[in-house]
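Inspection log for the structure reproduced underneath, given as C-alpha cells.
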C-alpha cells in the first residue's frame, strides 16, 4: 500500500510513519534523506542534484520525482511506501501521479492529520529532548519525573530545536496553508483523501490511520 501523510510541521507525521514502517513493513520516504543519499552515491542524478544544491537553487520537481522513482523501485518498497513531506504543491502532486502511472503504481490513500493551529504551536514550542539519549519531553505535557533529570538515562543535559518557537511556527503554518492545503481538493476529487484527528493521543492517531488503511 502506498500512502501520503499530510499535515503541518509538528503534526506527528514522522512518528506515525515510523510506526507504520515498523509494524507493516511500508517504507518511510523522506525526500531530504533521499536527496542526501543520492548525492552521496555519486549517481548521475545525484551529481545533478549536487550541482543545483551547491548553487543555492531549489531542486526542481522533476528531479525530486526522479529520486522517488528510483527509491520505490528498490526491493524494500515491495510492501509499499509512505511519503512524508512530499508533495507540497499541486504541481508536484501531478508530477508524482504521472510517474506512478508510468511505473504501474498508484496512491492508495492520502491521509490528512487535522490539527488545531494554536494547540499545535503549544505542543511544538514546549518540546525538548535529552541531549544524551534523545528521549523527548514537553514543558507542559511530559516533564521528567525528576525535574532536570532524564527519566531514561539520568542525564541533566537537555536541548531544544532552535526553530521550535512561536514565530517560526507561525511562518511554517502560513507556508503550509498557502502551499499544501490546495492539495486537499486535488486528492479529494481523486477519491483518496481521508482525515484523522491529529490532535488525539499518538496511539489513537495511529489507530485511526490503521482503520483508514484497513478500509482502503
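Tabulated results
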{"read-out": "Pairs with Cβ under 8 Å, 6+ apart, first in the stretch 162-177 and in contact (Cβ under 8 Å) with a residue 60 or more places away in the chain, second surrounded by fewer than 12 Cβ atoms within 10 Å (Cβ to Cβ)", "value": "none"}
{"read-out": "Which listed residue, of 161, 172, is under 25 Å from residue 4 (Cβ atoms), part of a loop (DSSP other than H, G, I, E, B) and either under 18 Å from the mean Cα position of the chain (by Cα) or modelled with pLDDT of 95 or more (or both)", "value": "161"}
{"read-out": "Only one of 184, 193 that is surrounded by 17 or more Cβ atoms within 10 Å (Cβ to Cβ), in contact (Cβ under 8 Å) with a residue 60 or more places away in the chain and in contact with a strand residue (DSSP E or B) (Cβ under 9 Å, 6 or more places away or on another chain)", "value": "193"}
{"read-out": "Scan of the stretch 84-127 for residues that are touching a strand residue (DSSP E or B) at 6+ places or on another chain (Cβ under 9 Å), farther than 29 Å from residue 64 by Cα and either in contact (Cβ under 8 Å) with a residue 60 or more places away in the chain or buried (at least 19 other Cβ atoms within 10 Å of the Cβ) (or both), ordered by number", "value": "123"}
{"read-out": "Failed criterion for residue 70 (all others in (1) at pLDDT 90 or above; (2) in a helix (DSSP H, G or I); (3) out of contact with any helix residue (DSSP H, G or I) (no Cβ under 6 Å at 6 or more places or on another chain) hold)", "value": "(1)"}
{"read-out": "Positions within the stretch 45-76 being exposed (fewer than 10 other Cβ atoms within 10 Å of the Cβ) and over 17 Å from residue 89 (Cβ atoms), in sequence order", "value": "54, 55, 56, 75"}
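The values are calculated or read from the model by the stated rules, or taken from the named source; none is laboratory data. Just so you know, these numbers come straight off a predicted model, no measurement behind them. Cβ: placed from backbone, ideal geometry, glycine included. Neighbour counts: every protein chain shown.
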